[in-house]
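The values are calculated or read from the model by the stated rules, or taken from the named source; none is laboratory data. Worth saying up front: this structure is predicted, and the values here are computed from it rather than measured. All Cβ positions, even for glycine, are placed from backbone atoms using ideal geometry, and neighbour counts span all protein chains on display. Remember, those area values only see protein heavy atoms, side chains included, never the ligands or the DNA or RNA. Shrake-Rupley method; radii C 1.70, N 1.55, O 1.52, S 1.80 Å.
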Amino acid sequence: MKEELIISGRNLPHIDPHLSLWHWPISLYLFLGGLAAGILFFAALVTLFRKEEKYLGAVKYATIIPPIALSVGLLALLYDLTHLWYAWRLYMVIRIESPMSWGAWTLLLVTPISFLWMISYFKEYFPNWKWQQGVWNYASIAIDFINKYKRVMAWILVPSTIILGIYTGILLSAFNARPLWNNSILGPLFLTSGLSTGAAAIIVLSKSHDERRMFSMIDLVLIGIELFLITHMLMGMLAGSQVQLEASELLLGGEFTVAFWVFVIILGLAFPAVLEIFELIGYKVPAVIPALLVLLGGMIFRFIMVDAGQITRYLY
Amino acid sequence: MRYAMAIDTLKCVGCSDCVVACQTENNVPIGYCRDWITETVDGTYPQLEIELRSERCNHCETAPCVRCCPTGASQIVDGGIVIVEHDECIGCGACIESCPYEARYTHPEGYVDKCTFCLHRVKEGLQPACVAACPTKCMYFGDIDDPNSEISHMLKTRKQKTLAPEAGTNPHIFYLI
């Protein structure tokens, strides 16, 4: 029986007694990246199906969020880099094996498109602006030019937002030293959660009843998939080796149990799903309430996974 | 050529000379260390067994830190030694998260730092500082591809283990038990 384990002469900052290197900037970024990916995915899909008029909230109003979310997320990431002035090194190489390299390049593609998408609606956001006068005339021409390539942007966005959404999970699952993260469900799970928060954001900003109903239905399906994936993730861990059993223990009785079950599972997934079902069968429920709960639950989920994952490790 | 280290846990007394030698040789900042001593006590009183280990980066053959690094700063150089190229490191922490041995840390100057097997000394034909300083001569460093090296001989004749081999890293620090 192993009685005691003493590590002497070591007290490394953010590593001992347990790893706590990645803090809120990473969690926040993972949430904002997933949210932006979700919104842009739906906006692109609506555009490709030529349903822009019907789902104006998805293509026009909610797409104000992605450029802001990605900018804040990227600033959080840069804030987290300890050797910041060498950040350009990310774009000197494509490393197929490193999810972070994939993410850096995907962001380089998605972020500018998210800005172009928002700019393409500037004339509709500000219809009374002097678009015909002086320098604004050139801006107007540029906006018209962007609008011509809307479908091209949509075609690029569909695969790239899926990569962005799934990468936020794979970034963590690629670390085999952290048993809680190291499962292949985490990528699809974070993608689903990102799409779900994206749908929720569209519900919050939509002005049409039909659109809110449509995205409530989509969100409901996504919540179902998410609960299914979470169940499978925990089942996989419970059927795993000792390190995985100890990892699942954090969510099933350990330190993060209350936060996970109350804020993620119940308030972030189950309760909004029930409210959305009530709404769809005809009861009057303000659609904004389940949507805001989904957004909050999605964010707390990222914080829990980042914090809890770093505690889990191999024992020897 | 494949450098590795064998550490005799039966001869190690846990004096921490290797830790201090490394800190001095490599100008490791105060409060940080590239190697450390782990002491495990097995059994129940009065049948107790102590194992002392001098631990450091395992210079893994399938190094997760090298795989996860987004810039290629973490790399394997000749002889299988895992190093961090400071000028390519952005300080993202991916390698620290990926290491099952928690052998890496963020240097106060921003880049990630770790044991290099004293590459600068090895190039000159010297032993790593920890090996050279060990008062009980419990550490053996050398080329395991050379069947006549001292470390090859030790690994052939002694019972041994590596740390967390189940992590799939193929570590190259061997503990003689």
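Things worth noting here:
- Of all residues in the range B:100-141, those satisfying the criterion of being within 14 Å of chain A (Cβ to nearest Cβ), closer than 22 Å to B:Cys69 by Cα and under 16 Å from the mean Cα position of the chain (by Cα) are B:Pro100, B:Tyr101, B:Glu102, B:Ala103, B:Arg104, B:Tyr105, B:Val112, B:Asp113, B:Lys114, B:Cys115.
- Flag if A:Trp117 is in contact with a Lys or Arg (Cβ under 9 Å, 6 or more places away or on another chain), hydrophobic (A, V, I, L, M, F, W, C), surrounded by 18 or more Cβ atoms within 10 Å (Cβ to Cβ) and farther than 21 Å from B:Cys68 by Cα: yes
- Remark: pairs (first residue in the range A:253-268, buried (at least 17 other Cβ atoms within 10 Å of the Cβ); second residue not in a helix (DSSP H, G or I); Cβ separation under 8 Å; 6+ apart in sequence or on different chains) = A:Phe256/A:Leu250; A:Phe260/A:Leu251.
- Some residue of the range B:80-99 being β-branched (Val, Ile, Thr), more than 14 Å from chain A (Cβ to nearest Cβ) and farther than 18 Å from B:His59 by Cβ: no
- Tabulated pairs, the range A:44-73, first under 14 Å from A:Val204 (Cβ atoms) and of a type in the set (Gly, Ala, Ser), second open to solvent by less than 50 Å² (accessible area, probe 1.4 Å) and part of a loop (DSSP other than H, G, I, E, B), C-beta under 8 angstrom, 6+ apart or interchain: A:Gly57/A:Ser206; A:Gly57/A:Ser208; A:Ala58/A:Ser206; A:Ala62/A:Ser206
- Of the helices (runs of 4 or more DSSP H) lying entirely inside the range B:28-130, those containing at least 3 residues that are over 30 Å from A:Thr106 (Cβ atoms) are B:119-123.
- When the helices (runs of 4 or more DSSP H) confined to the range A:175-261 are screened for residues that are over 21 Å from the mean Cα position of the chain (by Cα), those reaching at least 2 such residues are found at A:209-238, A:242-249.
- Looking only at the range A:83-111, and only at residues there that are among the β-branched types (Val, Ile, Thr) and under 23 Å from A:Asn176 (Cβ atoms), the one that is farthest from the other protein chains (Cβ to nearest Cβ): A:Thr106
- Of all residues in the range A:110-124, those satisfying the criterion of being touching a residue at least 40 places away in the same chain (Cβ under 8 Å), in a helix (DSSP H, G or I) and over 23 Å from B:Gly91 (Cα atoms) are A:Val110, A:Ile113, A:Ser114, A:Phe115, A:Trp117, A:Met118, A:Glu124.
- Flag for A:Gly57 being in a helix (DSSP H, G or I), modelled with pLDDT under 95 and of a type outside the set (Phe, Trp, Tyr): yes
- Test: residue in the range A:62-81 that is among the acidic types (Asp, Glu), part of a helix (DSSP H, G or I) and open to solvent by less than 40 Å² (accessible area, probe 1.4 Å): yes
- Qualifying residue in the range A:23-43 (condition: within 14 Å of chain B (Cβ to nearest Cβ) and part of a loop (DSSP other than H, G, I, E, B)): yes
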